[in-house]
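First the structure, in the form of structure tokens, and then the observations on it.
Each value in this text was obtained by applying a stated rule to the coordinates, not by laboratory testing. Since the structure is predicted, the reported quantities are computational estimates derived from the model, not experimental observations. Glycine gets a Cβ as well: all are built from the backbone with ideal geometry, and neighbour counts include every protein chain shown.
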Amino acid sequence: MTFKLKKSLLATAVSSMLLLPAMSAQAGGTISFGDDKSVSVGFGMRGGYSSVEDAAADGSRSNDFALESARLYLSGSFNKYIKGMLNTEKSNGESWEIIDANVQLQMTPEIAIWAGRFLSPSDRANMAGPYYSMGGGYWSNIASRYGWNGGIIGRDEGVAIVGSAMDNKIGYSFGAFEGQNIFRFSGVNAQSQSSTAAKATNADDKLMYAGRLQVDFWDAEPGYYGTGNYFGAADILAIGIAGRQKSDGAISLTKAGDYSSYSVDFLMEKKDVGLGTVSAEAAYYDYDTDDVFLSEQGKAYSAGAAYLFNQAVGWGKFMPFARYQKFESDATTADTTKKWEIGTNYVIAPYNALLTAAYSDTKVSGSDSNNAINVSMQFQF
């Protein structure tokens, strides 16, 4: 038996995520048992300080430190055909949860079958998650709503086919999932398919179907779990479309209706532009609950841009960014949530050692806007 310990820096993260898509990208150490047999372990955390306007009990600014997320990563390879992962999450005072527990069967070099609990095919923001987005952190459940609100942090129990074509320039995935937690944190009091309300409304018990198709025009993006930024490691020009549908997936106390959503997302990243790497992203979303939950039904938009300077300052490099999100729900004629952010990352090790400072302003129609100052740190080992 041989033992190898490798730092979870950009080379490890990118190679694990892109070249070995069935393995966890976050693994910090690998124990090898021979050819294609290994176990990898790691952990990650996000936390920081926030000050939000009018959020204190007396109406003044709040001042809070919080552990936003803590994760344990475990992945393994039985041989070159069978791999798996087990990841846990503790966020915002919640108890520990299993977010990933799955097996990947590599049927051919281009096609794999995933089974268990994992990210269902979705938009890029959801596939990247809080640790791999352009500006860092969660997406505030404004535009990319399923990633934070649905499933178990975007995960569901099910099975999916994950494949690629044309030298990984085309990626596709399609699967069937349980879809029991579509509105987990929405506050709409959604009922389960086994509830008394489901029986009273004669709701059926169908699976949720989800799929994604992505085309890369410059460098390829192999793998399934994705990222929102490559920090100058690749030139990316990609367009993706995703959708999900579940019959009677929206159940209230009085009625049941079908749930569906689709999205279109875009990412451009070009290195060696002036003094660094420029990146831009945009996405459009459409959510439909069959008029059962109007506050979760509507259209959403997001856009962002960033610039990573090549010149290091001290331990890392500065990466200023800006991002805008908007959700127009069907609850009333003017029920809209808008949020814009401007800030900078200090990138010590891409994905794995990152400091972020940002100012944001959030406005819900009919109320005053609220600004916030956030300083956060992200580390993965």
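Annotations
- With the largest listed first and rounded to whole Å, the semi-axes of the equivalent ellipsoid of the stretch 260-346 from the Cα gyration tensor are 35, 13, 8.
- Restricting the chymotrypsin sites (Phe, Trp or Tyr not before Pro) of the stretch 228-329 to loop positions (DSSP other than H, G, I, E, B) with no more than 16 neighbouring Cβ atoms within 10 Å leaves TRP315.
- Hydrodynamic radius of the stretch 312-381 per Kirkwood, over alpha carbon pairs, in Å: 13.9
- Eligible aspartates and glutamates near LYS363 by straight Cα distance, threshold 20 Å, same-chain separation 8 or greater: GLU53, ASP54, GLU296, GLU328, ASP330, ASP335, GLU341
- For the stretch 291-302, 3J(HN,Hα) computed residue by residue from phi via the Karplus equation (6.51, -1.76, 1.60; θ = phi - 60°) reads 6, 7, 10, 5, 6, 10, 10, x, 10, 9, 9, 8 Hz, glycine and proline entered as x.
- Hydrodynamic analysis of the stretch 149-266 uses the Kirkwood radius over alpha carbon pairs. Inserted into Stokes-Einstein at 10 °C and 1.306 mPa s, it gives a translational diffusion coefficient of 100 µm²/s.
- Among the listed pairs LYS271/LYS317; LYS199/LYS338; LYS270/LYS317; LYS206/LYS338, those beyond 26 Å (Cα-Cα): LYS199/LYS338; LYS206/LYS338
- Partner lysines whose Cα lies under 20 Å from the Cα of LYS37, excluding those fewer than 8 positions away in the same chain, are identified as LYS4, LYS6, LYS7, LYS80, LYS83.
- Between ASN229, ASN149, ASN202, the Gaussian network model of the chain with springs among Cα atoms under 10 angstrom shows the greatest mean-square fluctuation at ASN202.
- Given (1) 22.5; (2) 20.6; (3) 21.5, the label whose value is Kirkwood radius over Cα pairs in Å derived from this model: (3)
- Residue with peak Gaussian network fluctuation, the chain [Cα springs, cutoff 10 Å], from ASP288, ASP368, ASP265: ASP368
- Using just its DSSP H runs of length 4 or more, each adding -39500 (n - 2.57), the chain gives a mean residue ellipticity at 222 nm of -1000 deg cm²/dmol after division by all residues.
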